[in-house]
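The values are calculated or read from the model by the stated rules, or taken from the named source; none is laboratory data. Keep in mind that what you see is a predicted model, and the values were worked out from it rather than measured. No Cβ is skipped: glycine too gets one built from the backbone with ideal geometry, and neighbour counts run over all protein chains shown. What goes into the accessible areas is simple: the full protein's heavy atoms, side chains included, and nothing from ligands, DNA or RNA. Shrake-Rupley method; radii C 1.70, N 1.55, O 1.52, S 1.80 Å.
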Amino acid sequence: MEVIRTDSSAHAAANRMNHAAVGCLVVVDLEDRPVGILTDRDLLLRGVAQSHSPHELHVADIMTPDLVHATPAEPLEELLKLMKNHGVRRIPLVEDDRVVGIVAMDDILQEFSRDLNELASEAPLRYRNAPSHSRFEHVRHGIERNLGELRSKLEYAQWYAKATLIDELNELRNRLDKETEVHS
Amino acid sequence: MTFPEGLIKKPRTIDVYTNAMDAARTMESWNIGSLIVTEEQRPVGVVTDRDIALTVLGKELDPEACGIRDCMNSDVVSLQETAGTSEAIDLMCRNGIRRLPVVDDAGRLVGIVASDDLVLNLAHELTELASVIRTEISQRSSKGSSIPSRLGRE
């Protein structure tokens with residue numbers, strides 16, 4: 001997580017994003033309280049597109065105020081809902097007026113994929129004595145094949161495509177979860 | 001193997017002699033984050049919102065004086081229009097890119113294919129996979145399997 005102050009220059013923000021290889025900075029005021037977020041897109045739209053000398057701008061001029069945030073205790077499903085409702089893909093985690101971390105939609109998706117993958121690999125053991133074992137094997141292979149493809153594409157997907165995928169993965173995970181409970 | 005219908009889209013392009021401010025405004029008005037840079041209909045570069053923002057602001061350039069050539073990535077990886085989805089995915093993964101310009105035999109730009117669309121296509125396939133599970137379960141419960149299935153009662 002990268003943090004920048006409201007009074008820093010747009011030039012400093014661009015260099016920070018470049019060197020840290022991030023697309024977003026959490027903006028804090030002079031007392032280190034989180035007050036906004038600044039993305040590389042903000043730099044383009046409110047800096048380059050609108051000003052002849054954008055490097056003279058300050059972070060406070062171009063950031064997005066009204067920070068959408070959550071506490072570190074928030075469950076992943078709730079964070080995902082917040083992202084979808086506000087059309088954002090990163091949520092800073094705030095505790096006692098201090099930013100303590102940031103969660104990206106990519107992180108949630110990875111978490112879900114990992115769960116699903118574990119379930120898929122456990123399935124043959126759990127269903128060993130089930131009568132329709134071979135059918136589940138078929139389904140399991142299907143999931144593994146899809147997950148393999150999925151992983152290679154994830155990092156290149158935009159947030160709305162990810163939101164759709166997360167829903168699908170969650171649905172699959174819940175179904176497998178219930179089946180696993182029944183058979184174990 | 002060829003592309004499912006609708007996966008190759010009309011590309012958004014700018015001329016190689018455009019300046020950074022006009023390119024930024026073009027991205028703003030179309031609400032997009034990347035453009036293919038062309039010269040005489042051939043793709044010569046790809047430029048993203050991040051490329052323009054970090055070049056202009058990082059180097060303290062005048063966005064009207066800065067040409068798009070100075071911001072763009074000129075290593076263009078293109079896909080032949082006769083290729084299919086697996087070749088597109090392979091090229092995207094090997095080069096770490098999300099969009100591929102599609103060109104004809106003469107190297108002229110004819111379209112673009114984006115990983116987002118490929119991912120949505122995959123999401124559709126996953127939905128079908130979920131329905132396979134649903135069918136499996138309902139078939140088992142209708143055969144009177146001794147194993148109770150909660151999903152079978154949906």
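Taken together, the residues in region A:100-110 that are over 26 Å from B:Leu57 (Cα atoms) and open to solvent by less than 70 Å² (accessible area, probe 1.4 Å) amount to 6.
The residues of region B:1-28 that are among the small types (Gly, Ala, Ser) and at pLDDT below 95 amount to a single one, B:Gly6. Contact annotation: residue pairs with Cβ atoms under 6 Å, 6 or more positions apart or on different chains, pairing a residue in region B:74-99 that is in contact (Cβ under 8 Å) with a residue 12 or more places away in the chain with a partner that is of a type in the set (D, E, K, R), are B:Glu81/B:Asp104.
Among the residues of region A:1-35, just one is of a type outside the set (A, V, I, L, M) and on the phi > 0 side of the Ramachandran plot, namely A:Asp32.
Across region B:66-79, the number of residues qualifying as open to solvent by 70 Å² or more (accessible area, probe 1.4 Å) and out of contact with any Asp or Glu (no Cβ under 8 Å at 6 or more places or on another chain) comes to 4.
For region B:56-64, the criterion of being under 16 Å from B:Tyr17 (Cα atoms), in contact with a Ser or Thr (Cβ under 8 Å, 6 or more places away or on another chain) and within 9 Å of another protein chain (Cβ to nearest Cβ) is met by at least one residue. Of all residues in region B:48-65, none satisfies the criterion of being within 16 Å of B:Ser34 (Cα to Cα), open to solvent by less than 10 Å² (accessible area, probe 1.4 Å) and outside any helix (DSSP H, G or I).
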